[in-house]
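> Before anything else, here's the structure in question.
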Amino acid sequence: MSEQKADLILHPVRMRIIQCLIGGAPKSAQQLQELLPDVPQATLYRHLKKLSDANMLAIAEERPNRGTVERWYTLPERAAELTADDLRAASPEDHLAFFMKFASHLIGQYGRYVRKPGLDLLADGVSYRQIALQLSDEEHLRLLASIRELFAEAARNEPSPERRNRVYSVIAFPE
């Protein structure tokens with residue numbers, strides 16, 4: 001089961017759809033298409049259906065629109081997360097495959113960013129770094145909880161002209 005759920009979440013297009021819906025208001029397929037212009041419309045609809053069928057997306061509203069019904073999607077809380085049971089059930093090979101999909105997605109996102117015209121990494125505040133910290137298990141859990149709290153607070157921000165979508169990826173493991 002965890003492999004199937006992980007495959008649903010970690011597919012590059014589905015991961016991008018999920019990211020568009022994290023912490024935000026419901027979005028229509030048209031709005032998602034505007035946020036993901038490089039994803040063909042038929043592909044977007046196919047992945048929206050897969051996520052909806054797996055209950056990883058909820059249909060918040062249906063509105064009549066030009067003779068059809070326009071669906072507005074939302075991300076149910078924790079629907080697109082792997083649970084502790086999912087992680088325990090996965091083999092080491094599964095975990096490596098999950099991580100490779102995640103890393104590939106990250107590389108794809110960064111590749112789309114660096115190919116944009118007018119690129120200015122300094123003005124955009126781009127940063128990637130690795131830091132090794134000496135932490136007890138308790139200190140590590142406190143640090144992760146603090147990071148999650150900061151991310152949850154920032155995820156409540158509404159879109160505005162002075163805000164832009166920024167991607168933060170956190171990977172923590174003992175060395």
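> Please grab the % of Cα pairs in the chain that end up more than 21 Å from each other.
Working: 8933 of 15225 pairs.
The share of Cα pairs beyond 21 Å in the chain comes to 59 percent.
> Which residues make up the longest stretch of the chain clear of chymotrypsin sites (Phe, Trp or Tyr not before Pro) that lie in a DSSP loop with no more than 10 other Cβ atoms within 10 Å, not counting the sites?
Values: sites that count: Y128, Y168.
Longest stretch, sites excluded: 1-127.
> If you don't mind, another one. Leaving out ligands, DNA and RNA, and with a 1.4 Å probe, what % of the accessible surface on the chain is carbon or sulfur?
C and S fraction of accessible area: 55 percent.
> Tell me the net charge near P174. Cut-off is 13 Å between Cβ atoms, P174 excluded, with +1 for each Lys or Arg and -1 for each Asp or Glu. Please list the in-between numbers first.
Values: positive: none; negative: D137, E139, E175.
Net of charged neighbours comes to -3.
> For region 1-88, with every protein chain kept in place, what is the accessible area per residue (1.4 Å probe, Å²)?
Result: 60 Å² of accessible area for each residue.
> Then there's this: Looking at region 1-94, which GluC sites (Glu not before Pro) are DSSP coil and have at most 16 other C-beta atoms within 10 Å of their C-beta?
Details: sites: E3, E34, E61, E62, E70, E77, E81, E93; in loops: E77, E81.
In loop regions of region 1-94 (DSSP not H, G, I, E or B), the sparsely surrounded GluC sites (Glu not before Pro) are E77, E81.
> On to the next question. Which trypsin sites (Lys or Arg not before Pro) in region 1-92 sit in a loop by DSSP (not H, G, I, E or B) and have at most 15 other Cβ atoms within 10 Å of their own Cβ? Working shown, then result.
Working: sites: K5, R14, R16, K27, R46, K49, K50, R66, R71, R78, R88; in loops: R66, R78.
Here the sparse-neighbourhood loop sites are R66, R78.
> Apply 1/(1 + (r/R0)^6) to the Cβ-Cβ distance of E62 and S160, taking R0 = 35 Å, and write down the FRET efficiency to the nearest 0.05. Could you put the intermediate results ahead of the total?
Values: r = 28 Å, r/R0 = 0.79.
Once the sixth-power term is evaluated, E becomes 0.80.
> Turning to a different aspect of this structure: Could you tell me the distance between the Cα centroids of region 1-69 and region 81-127, to the nearest Å?
Value for the Cα centre distance between the two parts: 18 Å.
> On C-alpha positions alone, give me the angle between the axis of helix 41-53 and the longest principal axis of the chain, in degrees, nearest 10.
Roughly 70 degrees, rounded to the nearest 10.
> Report, to the nearest 10°, how far helix 92-114 tilts away from the longest principal axis of the Cα atoms in the chain, using its own Cα long axis and a range of 0 to 90°.
Approximately 60 degrees, to the nearest ten.
> Okay, helix-only estimate at 222 nm for the chain: each DSSP H run of n ≥ 4 adds -39500 (n - 2.57), divide by all residues, round to 500 deg cm²/dmol; what do you get? It would help to have the intermediate numbers written out before the result.
Numbers: 8 runs with 91 residues, N = 175.
Mean residue ellipticity, 222 nm, calculated: -16000 deg cm²/dmol.
> Among L106, F151, P64, pick out the residue whose Cα is farthest towards the positive end of the charge dipole of the chain, where Lys and Arg carry +1 and Asp and Glu carry -1 on C-beta, about the Cα centre.
P64
> Rounded to the nearest 0.05, what FRET efficiency do Q33 and Q134 give with R0 = 35 Å and r taken as the Cβ-Cβ distance? Could you check? It would help to have the intermediate numbers written out before the result.
On the way: r = 47 Å, r/R0 = 1.33.
Plugging the Cβ-Cβ distance into 1/(1 + (r/R0)^6) gives 0.15.
> Another question, then. Multiply the residue gap between V114 and L144 by 0.36 nm, knock off their C-alpha separation, and tell me the result in nm, one decimal place.
Working: separation 30, 0.36 × 30 = 10.80 nm, distance 2.89 nm.
Fully extending the segment from V114 to L144 adds 7.9 nm.
The values are calculated or read from the model by the stated rules, or taken from the named source; none is laboratory data. Computed from a predicted structure; not experimentally measured. Every residue, glycine among them, receives a Cβ derived from its backbone with ideal geometry; neighbour counts consider all protein chains shown. Protein only, heavy atoms only, side chains kept; ligands, DNA and RNA dropped before computing areas. Shrake-Rupley method; radii C 1.70, N 1.55, O 1.52, S 1.80 Å.
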